[in-house]
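The values are calculated or read from the model by the stated rules, or taken from the named source; none is laboratory data. All figures in this text were calculated on a predicted structure; none of them were measured in a lab. All Cβ positions, glycine included, derive from the backbone under ideal geometry; neighbour counts span all protein chains shown. Ligands, DNA and RNA are excluded from the accessible area calculation, which covers all protein heavy atoms including side chains. Shrake-Rupley method; radii C 1.70, N 1.55, O 1.52, S 1.80 Å.
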Amino acid sequence: MSTRYFGARTKRNEDERLLTGKALFVDDIVLPGMLHAAFLRSPYAHARIAKVDASAARQRNGVVAVFTAQDLGDYWKPGPLLVPPPPIRDAIFNERTQVPLAKEKVRHVGEPVAIVIAESRYIAEDALADIDVDFEQLGTVAALRKAIQPESPRVHDDVAGNIAAQVHQTKGDYSAAARQAHLVVRRTLTYDHGCAQPIETRGVVAHWEAREDKLTVWDTTQAPVPIRNGLAALLGLSEKQVRVIAPFIGGGFGCKVMMFYPEEVLIPWVAMNLERPVKWIEDRAEHFTGTSHERGQIHDAEIALTKDGKILGIKDVFLHDTGAYDPYGLTVPINTQCHLLGPYLVPNYDSTFTAIFTNKPIVTPYRGAGRQHGVFVMERLLDIAARKLGIDRTEIRRRNFISSEEFPYNNEIISQDFVPLKYDSGDYSAILARALETIGYERFVSHEQPTLRAQGIHVGIGVVCYVEVTGIGPYEGARVHVQSNGKVSVATGIGTQGQGHYTSFAQIVADQLGVDLSDVEVTTGDTDQFYWGAGTFASRGAVVAGNAVNQAATIVRRKILHAATKHFECAESDLIAAGGRVSVAGVPGHSIKLGELAKKANPTRGAVEFGTEPGFEATSYFGPPCGTAASGAHAMIVAIDPKTMILEIKRYVVVHDCGTVINPLIVEGQIHGGVAQGIGNAFYEQLVFDDFGQLLNASFADYLLPTAIDVPRIEVSHVVTPSTLNPLGIKGVGEAGAIPVGALFAQALEDALELPRDEIELLEIPLSPNRLWELSGSWNP
Amino acid sequence: MESLESKAIVSPLSRDSAMEITGQRLIPVAQAQVWDALNEPDVLKVCIPGCESMEAISDTELRVVVTAAIGPVKAKFAGKLLLADVNPPNSYRLSFEGSGGPAGFGNGDALVRLTPEGAGTRLSYQANARIGGKLAQIGSRLIDGVAKKMVDEFFQRFTVKLAGLSMPAAGKPPLASTTKSTGPSLEIAFAFALIVTAIVFINDFVLIWLLR
């Protein structure tokens with residue numbers, strides 16, 4: 001087997017199509033007779049619907065239909081619970097999922113109340129103004145600490161205190177540990193996230209072909225197979241009657257793996273009802289309130305340490321804002337609970353969270369999926385402890401790392417894949433050392449920083465560490481098939497939103513079968529091409545689907561070689577599979593094109609032995625027993641002007657361990673994108689809600705995405721500790737760039753501003769020029 | 001040895017976004033005349049562009065529909081006004097709520113005061129308005145600026161109109177107290193409610209169309 005492609009920085013197969021406008025996106029679908037949908041969305045965060053009168057809308061020229069909750073009849077039902085709560089003892093979970101159209105009350109701004117179907121989107125939107133809705137405003141819950149009070153208004157009438165869930169996990173005995181501590185640091189930390197804002201908003205096109213008895217749905221989803229299964233069940237169809245296609249997608253980042261959004265569930269139903277294709281493309285304003293966010297947590301955390309800065313235990317009690325519904329279960333706060341532990345040895349841990357319903361759009365995973373909140377708490381507590389104990393911040397981390405000999409390390413806490421959190425492999429000291437060396441930590445702290453400070457320049461450095469559990473199950477599958485033209489087709493059930501699967505999976509197969517990278521054609525996201533799968537999320541594509549591709553390719557390779565030994569009448573050890581051919585070593589002329597051999601393996605007449613399968617095809621599934629622990633460190637040098645609080649990132653270093661690397665170019669791309677979103681989360685982006693649940697900044701004029709001048713060049717370096725949980729040794733990398741950036745900014749900015757640390761600490765995300773100004777108050781540097 | 005550290009922090013996770021519109025104008029006309037002038041529906045219709053209808057639902061409630069025409073763009077909104085704490089001819093409070101359909105809504109209250117100042121009247125108002133839906137999403141800082149501009153424009157027209165009415169002019173009928181079925185203070189309430197409602201909605205619609 002060659003290793004020509006695996007590990008190589010090959011350019012991506014799919015980029016030419018993407019960059020020349022030849023790729024198919026959902027909005028490119030245009031079908032004869034296609035109608036367009038617009039949604040009437042609630043302007044209130046919490047209100048009873050007294051009356052909906054759509055008669056005027058129905059009479060508008062060009063309007064074909066208007067549906068409200070009443071019109072859906074039996075089809076109206078709350079969506080499925082996507083992720084059941086993990087089996088944790090005494091966990092409380094109140095399942096309340098979103099509905100296709102609000103019936104008796106609306107629970108967040110942007111919740112759909114009616115759908116208008118018209119000949120054009122323009123007419124449909126005009127018709128929205130014709131719909132008369134009588135809303136009776138109700139008291140709103142927005143702030144977390146208030147929402148949990150028993151006398152607060154209830155988002156769900158039967159859920160007191162708006163408690164969506166409560167989960168308590170422990171390891172060891174924290175109270176005993178705290179009693180023995182030399183230092184206990186207790187802080188309240190808040191972490192506000194934001195929303196993904198992919199460049200392509202959501203969209204659904206549905207086409208019911210009555211004569212073929214078949215429904216085709218193009219959907220910007222990260223999980224086409226579960227969507228296919230769910231839609232079939234909802235619409236009373238067989239799974240085989242439904243085809244879901246997730247074509248090229250302009251970014252997912254998690255908000256597109258929230259499934260069975262109201263629009264996703266309604267458009268296919270409307271298409272079947274009207275027997276005409278229907279299209280809905282979300283506009284940016286809708287996206288701000290109609291697509292999921294990832295948002296606030298408030299942590300009351302404490303860390304107990306010895307005099308040498310060794311962690312004795314951590315206790316954390318936190319509130320998590322889940323928005324108006326909780327269809328995604330507890331994934332986000334459980335990730336927080338688990339990832340707070342980081343690369344450190346924490347012998348005693350006591351963590352409780354309460355997930356709270358609020359009158360805001362729902363919270364589901366967004367790149368990092370709750371991990372950044374936990375990492376922020378741990379890294380800040382360590383920074384404060386280091387300061388109090390007089391230990392260098394990198395040294396305190398070193399002293400607490402899980403050492404290389406301790407793997408596999410069992411953290412005991414139950415993780416989002418329902419099993420205890422285990423780290424399979426890692427080398428945290430090496431990662432930290434590489435980061436410090438790359439950024440020149442020692443030199444900076446002892447020479448460059450003092451020199452610059454003497455010149456009145458405010459510059460600081462930050463270094464933070466994290467672990468990210470990736471590649472969780474349950475499974476993915478892949479089919480590899482050599483076609484008679486010699487090209488190899490690969491199909492898998494996950495979708496692609498820019499991760500480069502068309503290339504990385506091709507690299508695996510090209511090496512296994514000895515073909516050119518450009519001769520491997522990968523199909524993802526089409527349920528007619530591959531029937532089974534869970535989806536693209538939790539940094540699992542390469543790990544789980546990649547390994548399935550590898551397994552299938554291995555089987556195909558065996559079939560090819562077996563057929564070739566028969567064809568050439570030689571031993572397998574004499575064969576070479578390379579360049580799209582199979583040849584006998586040392587015998588020129590004894591060579592056959594792969595396609596030819598495949599044709600020979602598929603005769604249309606004649607006799608074969610028992611057990612022979614035609615052609616060269618194999619399907620294989622891979623499912624790991626638990627997630628594999630990727631890890632890394634980020635380091636940053638930042639300069640800030642204390643008068644304007646505008647900052648400039650001078651250097652940004654990422655050292656990452658994602659095990660075996662298939663394509664370093666793609667890995668770097670993932671890290672760059674993650675860091676950009678992390679920078680946005682740390683310093684620029686914030687969803688601002690008022691106390692009445694109104695989103696006050698639903699446009700890019702006021703929701704600040706980082707631009708090209710805000711994202712620096714990123715220096716990426718790898719440490720490799722292969723995963724022990726899959727044959728290829730791969731760990732995920734999709735979310736890593738975004739995870740520790742908040743903690744990094746807080747540490748580096750405290751350093752740059754030289755804040756009087758005993759009075760002013762940065763314990764919240766996002767920071768921003770305004771916020772830094774407020775926090776530093778009347779203090780003048 | 002154990003040392004405990006604890007800090008309270010200010011959480012930025014939510015905030016109160018009520019918009020405050022306060023202001024005052026010196027109107028060069030005596031208080032009683034200002035009061036009376038505001039009883040004239042014709043005055044108000046001229047000062048509030050696009051006022052389509054005013055309908056008294058009860059002694060204390062009024063429905064109003066205003067179409068705002070700004071350049072090529074037109075938007076219609078419907079509002080409801082409620083009167084309270086009437087103290088003629090000095091002050092009253094009114095609350096309002098109005099809907100602009102898919103564009104959003106606004107509600108709030110206003111306290112209006114008239115006090116004599118020299119030969120004229122100091123008219124002061126304090127309004128708290130909350131907006132929601134698309135109106136809020138565009139950003140209250142933008143709306144504040146335009147709101148102030150619209151208030152200026154209204155009062156300019158109002159002052160000009162009042163100055164014209166208070167001077168006897170040929171062919172113009174003297175200002176007479178008209179028969180009011182709802183009482184003088186209610187008309188004033190209508191006036192100021194319209195002002196505030198108009199300000200909130202007109203300029204919000206402007207913004208929506210401008211920023212589309």
Checklist entry - Out of A:V469, A:V463, A:V445, which single residue is closer than 18 Å to A:R393 by Cα and under 25 Å from the mean Cα position of the chain (by Cα)? => result A:V463
Checklist entry - Restricting attention to the range A:722-781, which residues are part of a loop (DSSP other than H, G, I, E, B), small (G, A, S) and within 23 Å of the chain's Cα centre (by Cα)? => result A:S723, A:G729, A:G732, A:G734
Checklist outcome for this item: Of those in the range A:658-677 that are touching a Gly at 6+ places or on another chain (Cβ under 6 Å) and not β-branched (V, I, T), the residue nearest to A:L753 (Cα to Cα) is A:G674
Next on the checklist: Quick check on the range A:40-60. Is at least one of its residues within 14 Å of another protein chain (Cβ to nearest Cβ), in a loop (DSSP other than H, G, I, E, B) and of a type in the set (D, E)?
Outcome noted: no
Checklist entry - Within the range A:478-520, how many residues turn out to be outside any loop (DSSP other than H, G, I, E, B) and either free of Cβ contacts under 8 Å to residues at least 12 places away in the same chain or over 26 Å from A:F253 (Cβ atoms) (or both)? => result 15
Checklist outcome for this item: By residue number, the members of the range A:91-124 that are within 21 Å of A:A160 (Cβ to Cβ), under 28 Å from the mean Cα position of the chain (by Cα) and acidic (D, E) are A:E95
Next on the checklist: Could you go through the range A:653-667 and let me know if any residue there is modelled with pLDDT of 95 or more, surrounded by 24 or more Cβ atoms within 10 Å (Cβ to Cβ) and out of contact with any helix residue (DSSP H, G or I) (no Cβ under 7 Å at 6 or more places or on another chain).
Outcome noted: yes
Checklist entry - Tell me, which residue of the range A:418-469 that is touching a residue at least 12 places away in the same chain (Cβ under 8 Å) and out of contact with any strand residue (DSSP E or B) (no Cβ under 8 Å at 6 or more places or on another chain) is surrounded by the fewest Cβ atoms within 10 Å (Cβ to Cβ)? => result A:V419
Next on the checklist: Among the numbered criteria (1) more than 14 Å from chain B (Cβ to nearest Cβ); (2) touching a residue at least 24 places away in the same chain (Cβ under 8 Å); (3) more than 29 Å from A:P365 (Cα to Cα), which one does A:D71 miss?
Outcome noted: (2)
Next on the checklist: I want to confirm something. Restricting to the range A:181-230 and keeping residues that are among the basic types (K, R) and more than 9 Å from chain B (Cβ to nearest Cβ), which single residue is surrounded by the most Cβ atoms within 10 Å (Cβ to Cβ)?
Outcome noted: A:R228
Item to check | Conditions (1) at pLDDT below 95; (2) buried (at least 23 other Cβ atoms within 10 Å of the Cβ); number of the one not met by A:Q677 | outcome: (1)
Next on the checklist: Among the residues that make up the range A:92-111, is at least one of them at pLDDT 95 or above, β-branched (V, I, T) and closer than 26 Å to A:R228 by Cβ?
Outcome noted: yes
Next on the checklist: One residue is enough: does the range A:167-180 have a residue meeting the conditions touching a residue at least 24 places away in the same chain (Cβ under 8 Å), within 14 Å of chain B (Cβ to nearest Cβ) and in a loop (DSSP other than H, G, I, E, B)?
Outcome noted: yes
Checklist outcome for this item: Restricting attention to the range A:45-84, the residues that are farther than 19 Å from A:A102 by Cβ and in contact with a helix residue (DSSP H, G or I) (Cβ under 6 Å, 6 or more places away or on another chain) number exactly 4
Checklist entry - Do you know which residues across the range A:1-46 are among the small types (G, A, S) and either under 19 Å from A:P247 (Cα atoms) or surrounded by 23 or more Cβ atoms within 10 Å (Cβ to Cβ) (or both)? => result A:G21, A:A23, A:A37, A:A38, A:S42, A:A45
Next on the checklist: Can you say whether A:E151 is over 30 Å from A:G33 (Cα atoms), without any contact (Cβ under 8 Å) to a residue 60 or more places away in the chain and away from chain B (no Cβ under 13 Å), as far as the supplied structure shows?
Outcome noted: yes
Checklist entry - Quick one: is A:F683 open to solvent by 10 Å² or more (accessible area, probe 1.4 Å) and within 14 Å of chain B (Cβ to nearest Cβ)? => result no
Item to check | Per-region count, the range A:294-315, residues outside any loop (DSSP other than H, G, I, E, B) and modelled with pLDDT of 95 or more | outcome: 14
Item to check | Residues of the range A:123-147 that turn out to be open to solvent by 30 Å² or more (accessible area, probe 1.4 Å), more than 17 Å from A:R58 (Cβ to Cβ) and assigned to a helix (DSSP H, G or I), as a count | outcome: 2
Next on the checklist: Which numbered condition in (1) in contact (Cβ under 8 Å) with a residue 60 or more places away in the chain; (2) open to solvent by less than 10 Å² (accessible area, probe 1.4 Å); (3) outside any helix (DSSP H, G or I) is the only one that A:F318 fails?
Outcome noted: (1)
Checklist entry - Among (1) within 14 Å of chain B (Cβ to nearest Cβ); (2) in a helix (DSSP H, G or I); (3) more than 17 Å from A:H458 (Cα to Cα); (4) not small (G, A, S), which single condition is A:Q670 missing? => result (1)
Checklist outcome for this item: Going through the range A:248-297 in order, the residues found to be of a type in the set (F, W, Y), more than 23 Å from A:T358 (Cβ to Cβ) and open to solvent by 10 Å² or more (accessible area, probe 1.4 Å) are A:F248, A:W269
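One line per residue, one yes/no per condition, for (1) under 18 Å from the mean Cα position of the chain (by Cα); (2) open to solvent by 10 Å² or more (accessible area, probe 1.4 Å); (3) not hydroxyl-bearing (S, T, Y):
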site	(1), (2), (3)
A:P333	yes, no, yes
A:T336	yes, no, no
A:I356	no, no, yes
A:N359	no, no, yes
A:T364	yes, no, no
A:H373	yes, no, yes
A:E379	no, no, yes
A:A385	no, no, yes
Item to check | Matching option when the condition is of a type in the set (A, V, I, L, M), within 25 Å of A:G627 (Cβ to Cβ) and open to solvent by 20 Å² or more (accessible area, probe 1.4 Å), among A:A553, A:A563, A:A577, A:A542 | outcome: A:A542
Item to check | In the range B:99-133, residue farthest from the chain's Cα centre (by Cα) [restricted to those that are more than 7 Å from every other protein chain (Cβ to nearest Cβ) and within 30 Å of A:D126 (Cβ to Cβ)] | outcome: B:A103
